Amino acid sequence: MSEHDNGVAEYVARGEAMANAEAQRRSIMRTKKFDTIAVHGIYDMEAALANQGSIIEPGFMSSAQHFENSDHMEAALAYLMPAWVYSRIANPTVHYLEETLALLEGYDFDGDVSAVATSSGMAAVFMATNPFLEKPDPGMNIVVSARCYGGTFMLFGERYGAERGVDIRWVRNPLDLNEWADKIDGNTRLVYGETPSNPSLSVMDIEAVANIAHAAGLPLIIDSTVATPALTRPLSLGADVVVHSTTKSMTASGFAIGGAVIARHGITTDIGPAEMHDNFAMYVKLLPFRDHGPGLSPFNALMTINDLRTLRHRMDSMSSTTMQLAQYLEGHDHIDRVAYPGVESMPGHEIAARTMWLVDGADDYGTDVNRYGHLLSFEVKGGAESARKVFDAFEMIWRATDLGRIKSVATIPSISTHQQQGDEGRELAAVPPNLIRLNVGGEHPEDIIADLDRALSTLDRTSIVNPVRSDA
């Protein structure tokens, strides 16, 4: 054994001690309540003392890590010890976010969970799905709910379907379990759903679809951006991988774009190497993620860490406000339909009522309480022009292609987030031209209702034409 072999071995041993210490912190935090995890993550007093005593996670804005010597560098670059090396691959601040997300998404889940943060929600969707499609076969297909975000629809339909020739098997009705099962065959690589979906707020039975996927030896990937782990944790319902746009409710301030792939250890698949099955998120982070380069900015990670600390309380309050708005809109003369998992008229409401709960809600209310998120959609009577008239009349609700904000924001998906998928794609995804998507913020519900009422009242007004005098 050479001198350098001995030196590298010393750093490997040091790395094992570092990994064991972090595993111990992770184990301790798994015994804590959701709010405590959201506030602290794995950043404890010992970590603070190693960072000049800072009680808040420090922002490491450097692009690269300095090494003690060549042995240290060799061990780190061979992934033989914990290190961050280069911020495209890893970064201490991003690591604090990843550990917090894994703990939150794995709350009440018995198995081990890991996470990798990405530069955006779309980067997360790509990194969660692309590893299953890297070795194309004739007939290769994926089974996907058509009720999904417009960017996801375009990634699957255009980038995977049109460009790579992957057969995209769209599930029109995610509540129809037979439709999921019928579209799966021996060439299916993965099953993908979004619940509640953006913008139709459609839900699906995660547990039942997971059973269908697993019976075929396939992983179930769930986009749970709208619910967040404060309301639903798909891993505990059988999903293998969860994706988030952390840009949304997790970073309600609107200060940062980001995403995350969070996976249980031991996913269901026969695609890829054993390392990919054993710890999907870490495999993605160290290999394909490293090469594709969708790294999250440390500054953006810091913004998300800060907003995560109050996630449960915000989701509780804003969900309650959204329920009031949904009930108001359901009774309005100018509204055809309200899409919100909390209203009984919504298809799949019983599934939402069974699976969407405020985490640790009994601690606050004495009993478990349903919360359905702070995104809703409504269809305006009179078609697209009426919807535009209402939309243009908002005075407090912001007009933007955004959601998850602490401020209320609205958009018309058919001309914004879902415009590029065309009429056929929008029909497939159940996105009519008169649908307005409303992100409900932290304002008082009376003020949001007043702005909605004012805007909807514009449909009551008719233009007054000056009469022509008979003696003119």
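The values are calculated or read from the model by the stated rules, or taken from the named source; none is laboratory data. Here the structure is a predicted model, which is why all the values come from computation and not from measurement. Note: ideal-geometry Cβ built from the backbone for every residue, glycine included; neighbour counts use all protein chains shown.
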In segment 279-297, the residues that are within 24 Å of Ala230 (Cα to Cα) and assigned to a helix (DSSP H, G or I): Phe280, Ala281, Met282
Condition check for Asp44: at pLDDT 95 or above, in contact with a His (Cβ under 9 Å, 6 or more places away or on another chain), closer than 24 Å to Asp360 by Cβ and not basic (Lys, Arg): no
Restricting segment 211-220 to residues that are surrounded by fewer than 24 Cβ atoms within 10 Å (Cβ to Cβ) and part of a helix (DSSP H, G or I), the residue that is farthest from the chain's Cα centre (by Cα): Ala215
Filter result for Asp240 (under 27 Å from Leu403 (Cα atoms), free of Cβ contacts under 8 Å to residues at least 60 places away in the same chain and surrounded by 23 or more Cβ atoms within 10 Å (Cβ to Cβ)): yes
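Tell me whether segment 235-245 contains one or more residues that are within 9 Å of the chain's Cα centre (by Cα), among the β-branched types (Val, Ile, Thr), assigned to a strand (DSSP E or B) and closer than 17 Å to Val203 by Cβ.
If we filter segment 235-245 for residues that are within 9 Å of the chain's Cα centre (by Cα), which is where we start, we get 242-245.
Those still in the list that are among the β-branched types (Val, Ile, Thr) too: 242-243.
Still in the running and assigned to a strand (DSSP E or B): 242-243.
Subset that is closer than 17 Å to Val203 by Cβ: 242-243.
Yes: segment 235-245 contains one or more residues that are within 9 Å of the chain's Cα centre (by Cα), among the β-branched types (Val, Ile, Thr), assigned to a strand (DSSP E or B) and closer than 17 Å to Val203 by Cβ.
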Residues (within 17 Å of the chain's Cα centre (by Cα) and assigned to a loop (DSSP other than H, G, I, E, B)) located in segment 120-153: Ser120, Ala146, Arg147, Cys148, Tyr149
Subset of segment 152-167 that is touching a strand residue (DSSP E or B) at 6+ places or on another chain (Cβ under 6 Å) and either outside the structural domain of Thr269 (by TED's automatic domain parsing) or surrounded by fewer than 20 Cβ atoms within 10 Å (Cβ to Cβ) (or both) - its residue that is farthest from Ile351 (Cα to Cα): Gly161
Segment 435-448 - residue that is outside any loop (DSSP other than H, G, I, E, B) and within 27 Å of the chain's Cα centre (by Cα) and, of those, nearest to Thr251 (Cα to Cα): Asn439
Subset of segment 57-110 (residues that are farther than 18 Å from Gly295 by Cβ and hydrophobic (A, V, I, L, M, F, W, C)): Phe67, Met73, Ala75, Ala78, Leu80, Met81, Leu103, Leu104, Phe109
Verdict on Glu350 being assigned to a helix (DSSP H, G or I) and surrounded by fewer than 16 Cβ atoms within 10 Å (Cβ to Cβ): yes
Helices (runs of 4 or more DSSP H) fully within segment 1-119 counting 2 or more residues that are surrounded by 14 or more Cβ atoms within 10 Å (Cβ to Cβ) and not aliphatic (A, V, I, L, M): 3-29, 34-40, 70-77, 92-105
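Listed here are the residues, each with its yes/no results for (1) hydrophobic (A, V, I, L, M, F, W, C); (2) under 17 Å from the mean Cα position of the chain (by Cα); (3) assigned to a helix (DSSP H, G or I).
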position: Ile222; (1), (2), (3): yes, yes, no
position: Ala230; (1), (2), (3): yes, yes, no
position: Gly266; (1), (2), (3): no, no, no
position: His277; (1), (2), (3): no, no, yes
Matching residues in segment 328-347 - criterion: being crowded, with 16+ Cβ neighbours inside 10 Å, in contact with a helix residue (DSSP H, G or I) (Cβ under 8 Å, 6 or more places away or on another chain) and free of Cβ contacts under 8 Å to residues at least 60 places away in the same chain: Val338, Gly342, Val343
Count - residues of segment 387-416 that are surrounded by fewer than 19 Cβ atoms within 10 Å (Cβ to Cβ), modelled with pLDDT of 95 or more and part of a helix (DSSP H, G or I): 4
Neighbours by Cβ (under 8 Å, 6+ apart or cross-chain): first from segment 354-373, farther than 22 Å from Lys32 by Cβ; second basic (Lys, Arg): Met356/Arg371
Residues being surrounded by fewer than 18 Cβ atoms within 10 Å (Cβ to Cβ) and under 24 Å from His214 (Cα atoms) - total across segment 278-304: 1
Residue under evaluation Ala274, criteria (1) within 29 Å of Glu207 (Cα to Cα); (2) in contact (Cβ under 8 Å) with a residue 24 or more places away in the chain; (3) surrounded by fewer than 18 Cβ atoms within 10 Å (Cβ to Cβ); (4) hydrophobic (A, V, I, L, M, F, W, C), criterion not met: (2)
